[in-house]
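Written below as structure tokens is the structure these notes are about.
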Amino acid sequence: MRKRVVMIGAGAAGLLAAGRAAERGLDVLLLEKNDRAGKKLRITGKGRCNITNDTDIDGLIQNIPGNGNFLYSSFYTFSNEDLMNLLRAEGLEIKTERGGRVFPVSDNAKDVISLLVRYAQKGGAEIRYDSAVESIEVSGAAVCGVKLRNGRCVEADSVVLATGGASYPVTGSTGDGYRMASQLGHTVTELKPSLVPLLTAEKWVGALQGLSLKNISITIVDKRKKKIYEDFGEMLFTHFGVSGPVILSASRHIMQYGYRDVYLSIDLKPALSDETLDARIQRDFEKYSRKQFKNSLDDLLPQKLIPVIIELSGIQAEKPVNQITRAERRKLVELLKGLTVEICGSRPISEAIVTAGGISTDEINPSTMESKLISGLYFAGEIIDVDGYTGGFNLTIAFSTGYLAGSNC
């Protein structure tokens with residue numbers, strides 16, 4: 001009689017675990033509480049699905065600040081290169097973009113999900129949707145099955161728990177797995193939002209809601225002016241603060257500060273030195289020499305940003321451009337090269353891309369992903385206390401740990 005394995009959660013980790021276990025000839029049942037697979041996967045990378053990152057294993061570890069060393073075994077067993085080879089072999093065309101980010105050529109996350117479902121089913125795995133699991137059943141200190149929310153029980157020789165974290169609960173990541181694991185004696189470390197939009201103290205930020213800035217650079221410093229992080233790219237102003245790619249990346253670097261008492265400086269013109277920008281402003285002022293200051297910045301800034309810059313500059317909006325002093329102009333340059341806001345918090349974990357925290361890595365065998373407390377119980381993906389920066393690292397964790405769990409369950 002074939003060994004029966006139950007996988008809980010049809011996300012990236014669960015699907016790959018199911019496919020790998022089925023490949024080994026096991027009797028695999030994948031239970032998913034949603035009506036379809038990969039609901040959270042569909043929105044990753046703005047729907048394009050940043051599958052992995054094309055770096056070496058040390059590069060992967062360096063980009064996983066949340067217990068990265070725990071993942072050496074899984075990455076050496078199933079690396080990002082192995083993942084890309086598997087996806088190609090299953091028919092997915094992939095491409096590498098800036099920063100080593102790997103995407104499907106189609107730029108469509110649905111293609112990745114369809115492939116993972118086919119991969120699982122090809123080996124004989126059965127996927128049941130609308131099948132929420134209430135608890136994992138044990139006999140002594142070993143898994144013996146799962147109990148569904150409808151009261152039905154399913155026998156199992158082993159269980160892979162891949163229910164995701166607590167972020168984006170609308171996709172089904174509602175923390176069910178943490179509850180199930182803690183019922184069995186597992187430690188769930190403090191859950192924190194990671195890769196999350198940030199709150200700012202300044203009121204004027206709300207006036208810029210919806211404004212997206214491209215090709216800007218940011219620097220984050222602490223109260224002592226010590227540099228914490230810097231980046232270049234795109235950001236977005238919101239009604240509560242700031243978001244967008246560079247902000248989400250920055251957020252993980254300031255988690256240990258509690259998302260407070262740090263300062264974000266935005267260089268609106270990173271391609272220009274102070275001197276070059278000053279010369280550019282002088283040219284604009286000559287061009288609009290007969291106009292008031294408030295009407296002289298159209299060539300330099302987005303329309304929505306102009307009133308804020310005018311207010312912060314301290315230069316009277318109605319002042320004729322030809323009367324602006326050199327000192328005032330220097331203040332304007334400083335402002336454009338260092339528009340600064342105080343970070344005073346983050347949005348809740350429900351709005352974070354990734355959950356930091358989870359099942360303690362001290363209680364999981366890193367070579368197999370099996371629980372050290374309950375025989376036959378395995379973990380995969382975001383439910384584990386591991387998390388990385390943006391750039392495909394978190395999905396790499398999910399795929400790699402999923403493969404390892406599927407290889408050993």
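The values are calculated or read from the model by the stated rules, or taken from the named source; none is laboratory data. None of the values given here were measured: they were computed from a predicted structure. As a convention, Cβ positions derive from the backbone with ideal geometry for all residues, glycine included, and neighbour counts pool all protein chains shown.
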The condition of being assigned to a strand (DSSP E or B) and either more than 19 Å from the chain's Cα centre (by Cα) or outside the structural domain of Asn34 (by TED's automatic domain parsing) (or both) holds, among Val246, Val160, only for Val160
What number of residues within region 142-166 satisfy the criterion of being surrounded by 17 or more Cβ atoms within 10 Å (Cβ to Cβ), in contact with a Cys (Cβ under 6 Å, 6 or more places away or on another chain) and among the charged types (D, E, K, R)?
-> 0
With respect to Tyr178, determine if the residue is surrounded by 15 or more Cβ atoms within 10 Å (Cβ to Cβ), aromatic (Phe, Trp, Tyr), touching a strand residue (DSSP E or B) at 6+ places or on another chain (Cβ under 7 Å) and not in a strand (DSSP E or B).
-> yes
Would you be able to say whether some residue in region 253-274 is out of contact with any strand residue (DSSP E or B) (no Cβ under 8 Å at 6 or more places or on another chain), modelled with pLDDT of 95 or more, buried (at least 18 other Cβ atoms within 10 Å of the Cβ) and more than 29 Å from Pro193 (Cβ to Cβ)?
-> yes
Can you tell me which residues in region 143-157 are farther than 15 Å from Ser131 by Cα and either free of Cβ contacts under 8 Å to residues at least 12 places away in the same chain or not in a loop (DSSP other than H, G, I, E, B) (or both)?
-> Val143, Cys144
Within region 391-409, of all residues that are hydroxyl-bearing (Ser, Thr, Tyr) and crowded, with 24+ Cβ neighbours inside 10 Å, the one farthest from Leu71 (Cα to Cα) is Tyr403
Counting only helices (runs of 4 or more DSSP H) wholly inside region 290-409, the ones holding at least 3 residues that are of a type in the set (Ser, Thr, Tyr) and at pLDDT 95 or above are 393-408
Has region 58-67 got any residue that is out of contact with any helix residue (DSSP H, G or I) (no Cβ under 6 Å at 6 or more places or on another chain), of a type in the set (Asp, Glu) and not in a helix (DSSP H, G or I)?
-> no
